[in-house]
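Down below is the structure, laid out as structure tokens.
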Amino acid sequence: MDLPTGRGQDRPASPCCSADGRGQATAAAQLVPPGKLFVIGDHSEVAEDSRAYGWVDEAAVTGRVGWVVLPLLGNGPLPYDAGLVAVDPPPGS
């Protein structure tokens, strides 16, 4: 899992995830199932997010992010056409 970094940060990719979406040290890349999301907290080193609880039902999302506060160099409104982007599944999945 590659997490975005701010200026001056060095954050290597970490292994993720088990088949239920939870993070674990020996896990492999997973394809997020249809109707589910993988969520990351805003302070990823200590956040309790999908790495602790697994996949989140897409239907459970009730809000929309409209403004980025940090990092300061990237703050501002999100474009209304921002959304999820499909990617190719990991090899072997």
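Within the range 31-41, the residues that satisfy the criterion of being of a type outside the set (Phe, Trp, Tyr) and touching an Asp or Glu at 6+ places or on another chain (Cβ under 9 Å) are Pro34, Gly35, Lys36, Leu37, Val39, Ile40, Gly41. Within the range 45-54, restricting attention to residues that are surrounded by fewer than 15 Cβ atoms within 10 Å (Cβ to Cβ) and not aliphatic (A, V, I, L, M), the residue that is farthest from Asp20 (Cα to Cα) is Glu45. Checking the range 6-15 against the condition returns no match, with no residue being part of a loop (DSSP other than H, G, I, E, B) and at pLDDT 80 or above.
Scanning the range 34-63 for residues that are assigned to a loop (DSSP other than H, G, I, E, B), within 13 Å of the chain's Cα centre (by Cα) and without any contact (Cβ under 8 Å) to a residue 24 or more places away in the chain turns up Phe38, Val39, Gly41, His43, Glu45, Ala47, Glu48, Asp49.
The values are calculated or read from the model by the stated rules, or taken from the named source; none is laboratory data. Remember, predicted model here, so these are calculated numbers, not experimental data. Quick reminder, even Gly has a Cβ in these numbers, built from the backbone with ideal geometry, and neighbours come from all protein chains shown.
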